[in-house]
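Asks: Below is one structure. I have some questions about it.
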Amino acid sequence: MFGFNDMVKFLWSFLIVLPLVQIIHVSGHSFMALIFGGKGSLDIGMGKTLFKIGPIRIRAIYFIDSFCRFGELKTDNRFSHALVYAGGSLFNLITIFIVNLLIIHSVLKPNMFFYQFVYFSTYYVFFALLPVRYSEKKSSDGLAIYKVLRYGERYEIDK
């Protein structure tokens, strides 16, 4: 049962852990865009821009949604775009394995932060790769991967 004592864990996970998982996810997209010769920019959160550091824009509601924009890729084909769309989930999977490996080898002690981190990362990978359309203009990474590989359609973020 959820009680008052659980509020600290809830706020910690909602305001710290989930945004960290989001940042890792969008960094994966940006990294893959860089690998294929594009330039990526990261928007962390929604709403009014609080500040900007290089290609990273932090918004007022930092814990809700994040996204990566990238320009044209020098290596411009279906496979390169599919890897850019998959980059977020790849980064989340890599961090899940790293955290688990460090815990197995006693470099890190198991605690609630790592449990929540792995949980939210797994959640992010699952829902990012589920091939669904969220709205008229927004699709999941999984649907974007499917469409670019099958039809050559490229997904554009217009936020």
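Asks: About the Cα centre of the stretch 42-126, how large is the charge dipole given +1 on each Lys and Arg Cβ and -1 on each Asp and Glu Cβ? Please answer in debye to the nearest 20.
Replies: Once rounded to the nearest 20, the dipole reads 200 debye.
Asks: Here's something else I'd like to know. Applying 1/(1 + (r/R0)^6) with R0 = 22 Å to the Cβ-Cβ distance of ILE64 and TYR119, what FRET efficiency is obtained, to the nearest 0.05?
Replies: Plugging the Cβ-Cβ distance into 1/(1 + (r/R0)^6) gives 0.75.
Asks: Any idea which of PHE4, PHE63, ILE96 is furthest toward the positive side of the dipole for the chain, if Lys and Arg beta-carbons carry +1 and Asp and Glu beta-carbons -1?
Replies: With unit charges placed on the Cβ atoms, the residue in question is PHE63.
Asks: Which value, in debye to the nearest 20, describes the size of the charge dipole of the chain about its Cα centre when Lys and Arg Cβ atoms bear +1, Asp and Glu Cβ atoms bear -1, and nothing else is charged?
Replies: 220
Asks: If contacts are Cα pairs under 8 angstrom and at least 6 residues apart, what is the relative contact order of the stretch 1-89 in percent?
Replies: That works out to 33 percent.
Asks: Still on this structure, I have one more. Enter the accessible area per residue of the chain (Å², integer; probe 1.4 Å; all protein chains in place).
Replies: 62
Asks: Further, regarding this structure: Rounded to the nearest 500, what is the chain's calculated 222 nm mean residue ellipticity when only DSSP H runs of at least 4 contribute -39500 (n - 2.57) each, over all residues?
Replies: -17000 deg cm²/dmol
Asks: Starting from the exponent 0.38 and prefactor 2.2 Å, build the expected Rg for the chain from its residue count and divide its actual Cα Rg by it.
Replies: It is 1.11.
Asks: How large, in percent, is the carbon and sulfur part of the accessible surface of the chain at a probe radius of 1.4 Å?
Replies: 69
The values are calculated or read from the model by the stated rules, or taken from the named source; none is laboratory data. Note that the structure is a prediction, hence the values are computed from the model and not measured. Using ideal geometry, Cβ is built from the backbone for each residue, glycine included, and neighbour counts are taken over all protein chains shown. Surface accessibility is based on the protein's heavy atoms, side chains included, excluding ligands, DNA and RNA. Shrake-Rupley method; radii C 1.70, N 1.55, O 1.52, S 1.80 Å.
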